[in-house]
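The values are calculated or read from the model by the stated rules, or taken from the named source; none is laboratory data. Remember, predicted model here, so these are calculated numbers, not experimental data.
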Amino acid sequence: MNLLLRVLVGAFVCVAPSLLFLGLWHGLQRMQDGEFVEQVAGNHGTTVEDLLPTTSSEHDLDSTERRRLRRMAVEGDGTSGFDDSITTDEEPPG
């Protein structure tokens, strides 16, 4: 009985990673399928273009917004980082 249990555990340990990899591979192949992507986009109420990061309509940060975000990162808290009264042109270290 002990030998049978060891053989079953050994077989599981050898086969399980292969099956998990094949499942991952199948899932990745399915994600490349255009119809599947359109179905997921339809379920979320968006279009395929909205799901792609390269076609997002978000604007790039201008220099003022970048300075504010850097200042927030240096100061450590988000409360004083968006203070419009601070208008230094120097960029914080880091």
Quiz item: Within the stretch 54-65, can one find any residue that is at pLDDT 80 or above and at negative phi?
Solution: no
Quiz item: Being at pLDDT below 95 and β-branched (Val, Ile, Thr), is that true of even one residue in the stretch 1-15?
Solution: no
